[in-house]
């Protein structure tokens, strides 16, 4: 007999699978590149062919829980406290009866049914991260600072990032959610950047300095890209390669967006950011959004 928390979660998963899952854009991109834009029936045939070397990876990809599925499950995961033994129990519970799922393409290619192989449940359940929790202080901050319709989407992102119980990250995130305007168009893009950064730097005691160093690195990458452009105007790429030059292409737009996100996050959390002038180390600069005097300060630093 399984505990109630396992039974509830298993039945909710069965219900979601029974209603049908849209094949995500990321999955469609892989499927189309690998199988030349197949129809639903062709994908179903590959999933049914146990001799196919593509079968297992394709089923695993189709079952990868996207944010829409996770948002449906988040209230249950948040309400019940799942422990380290529960993923195995959930897999066992789901395996007791045949588990069917309907997949469909949103672009008119149709859909198909799949009986989920028991061996595919392991990776699916692992990716739900059911044992991850939020620190009590962070859970309180979310409840107090965010509108109800945003809380679930934020909790899913925190669950996936796995930083919701790490002390330096929790302290930073508490300040982030208290200081960032949740109505801003940049809210989720800045949150996604922040969680990606914290997953990498979660043990860093001084996150502001780590962000300043990352911003300095981004400016360095832009300067290197400018230098490469100047060289390419004088020499063709083949000549530069023969001369031993390192050709590293940089996505300028992405780098500039990252720099802007660092500034936006630092202002929300600390009320200051780190200015990076050419050839200099980062300089901490306290700013107030909308203050025209700050523009003069920036100009003097960049002169």
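The values are calculated or read from the model by the stated rules, or taken from the named source; none is laboratory data. Quantities reported herein were computed from a predicted structural model and do not represent experimental measurements. Cβ placement follows ideal geometry from the backbone for every residue including glycine, while neighbour counts extend to all protein chains displayed.
Quick notes on this structure:
- Considering the range 98-118, and only residues there that are surrounded by fewer than 17 Cβ atoms within 10 Å (Cβ to Cβ) and touching a helix residue (DSSP H, G or I) at 6+ places or on another chain (Cβ under 8 Å), the residue that is nearest to residue 44 (Cα to Cα) turns out to be 113.
- Breaking point among (1) modelled with pLDDT under 95; (2) closer than 21 Å to residue 169 by Cα; (3) in contact with a helix residue (DSSP H, G or I) (Cβ under 9 Å, 6 or more places away or on another chain); (4) surrounded by 13 or more Cβ atoms within 10 Å (Cβ to Cβ), for residue 231: (2)
- Scanning the range 197-221 for residues that are exposed (fewer than 14 other Cβ atoms within 10 Å of the Cβ) and touching a residue at least 12 places away in the same chain (Cβ under 8 Å), we see that the one that is nearest to residue 153 (Cα to Cα) is 203.
- Members of the range 111-149 that are on the phi > 0 side of the Ramachandran plot and in contact with a strand residue (DSSP E or B) (Cβ under 7 Å, 6 or more places away or on another chain): none
- Condition met for residue 52 (free of Cβ contacts under 8 Å to residues at least 12 places away in the same chain and part of a helix (DSSP H, G or I)): no
- Flag for residue 38 being more than 26 Å from the chain's Cα centre (by Cα) and either at pLDDT 95 or above or surrounded by 13 or more Cβ atoms within 10 Å (Cβ to Cβ) (or both): yes
- Residues being surrounded by fewer than 18 Cβ atoms within 10 Å (Cβ to Cβ), over 25 Å from residue 82 (Cβ atoms) and within 19 Å of the chain's Cα centre (by Cα) - total across the range 150-186: 4
- Checked across the range 136-149, the condition of being closer than 26 Å to residue 94 by Cα and surrounded by fewer than 20 Cβ atoms within 10 Å (Cβ to Cβ) holds for no residue.
- Against the numbered list (1) under 26 Å from the mean Cα position of the chain (by Cα); (2) touching a residue at least 60 places away in the same chain (Cβ under 8 Å); (3) surrounded by 13 or more Cβ atoms within 10 Å (Cβ to Cβ), residue 6 comes up short only at (1).
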